[in-house]
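Here's the structure we're looking at; comments come further down.
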Amino acid sequence: FAGDRDRLFYQVGLYYFDEDFDLLNRDFLAPAASALVSQQTESVALFGQVAYDLSDQWTLTVGARWTDDQKDLSVGPAAAGGTVTPAAISVSDDFFNWDVALTWDQNEDWTWYGRLATGSRGPVTLGRFGFVSAATTEDTLSAEIGFKSMLMDGRARWNTSVYMFTNDDQQLTATGGAANVNQLLNADQVDGYGLETE
């Protein structure tokens, strides 16, 4: 639902996702080792955002989102008499994210902005041939400042931003080991920063 009145624009909403899938992992050299992976995912979120014109040049935007994720995964033999050892894993988490942005329309040709925000990627699961793994929720804090401009009477456009971010528990996939399998894991922390211009 979205609307506006006077200097205020707002939107609120509900998000729902429900998925069931089966994945056949087939070993062509050893059919008895073929596995059936089944996963059920459910995600629910509430979100909203408000943009308020503080003046003719300044706009403040605030947003928030609450999410609840749940995943259940199981791995077992694809057929009776299979050699795959059954395994199962369940993960769930709920998390809250927000963002705050301030925009300044200096004139018709130049707009400056700054934004501070958080973001999350919910827990994930992986299953192959009786092997299951999971990674916990990844959280990000980011900041950005920049400008957008029109030059040469509108014949040219120049945009630039400077940004930084910190990821806690970044989700990664590792491959290898004696069984040469994929597994999920979390990196403790990843920091990044940069500048981009076009």
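The values are calculated or read from the model by the stated rules, or taken from the named source; none is laboratory data. In this text the structure is predicted, and so the values were computed from the model without any measurement. Here the Cβ is made from the backbone with ideal geometry for all residues, glycine too, and neighbour counts use every protein chain on show. To get the accessible areas, we keep the full protein, side chains included, count just its heavy atoms, and leave off ligands, DNA and RNA. Shrake-Rupley method; radii C 1.70, N 1.55, O 1.52, S 1.80 Å.
Descriptive notes on the structure:
A quick yes/no check of all residues on (1) closer than 30 Å to Ala80 by Cβ; (2) modelled with pLDDT under 95; (3) in contact with an Asp or Glu (Cβ under 9 Å, 6 or more places away or on another chain); (4) open to solvent by 50 Å² or more (accessible area, probe 1.4 Å):
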| position | (1), (2), (3), (4) |
| --- | --- |
| Phe9 | no, no, yes, yes |
| Gly13 | no, no, no, no |
| Arg26 | yes, yes, no, yes |
| Ala30 | yes, yes, no, no |
| Val37 | yes, yes, yes, no |
| Thr41 | yes, no, yes, no |
| Gly48 | no, no, no, no |
| Asp53 | no, no, yes, yes |
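- Arg5 surrounded by fewer than 13 Cβ atoms within 10 Å (Cβ to Cβ) and at negative phi: yes
- The residue that is surrounded by the fewest Cβ atoms within 10 Å (Cβ to Cβ), among those in the stretch 57-107 that are in a loop (DSSP other than H, G, I, E, B) and among the hydrophobic types (A, V, I, L, M, F, W, C), is Ala80.
- The set of residues from the stretch 129-146 being under 22 Å from Trp98 (Cα atoms) and in a strand (DSSP E or B) comprises Glu138, Asp139, Thr140, Leu141, Ser142, Ala143, Glu144, Ile145, Gly146.
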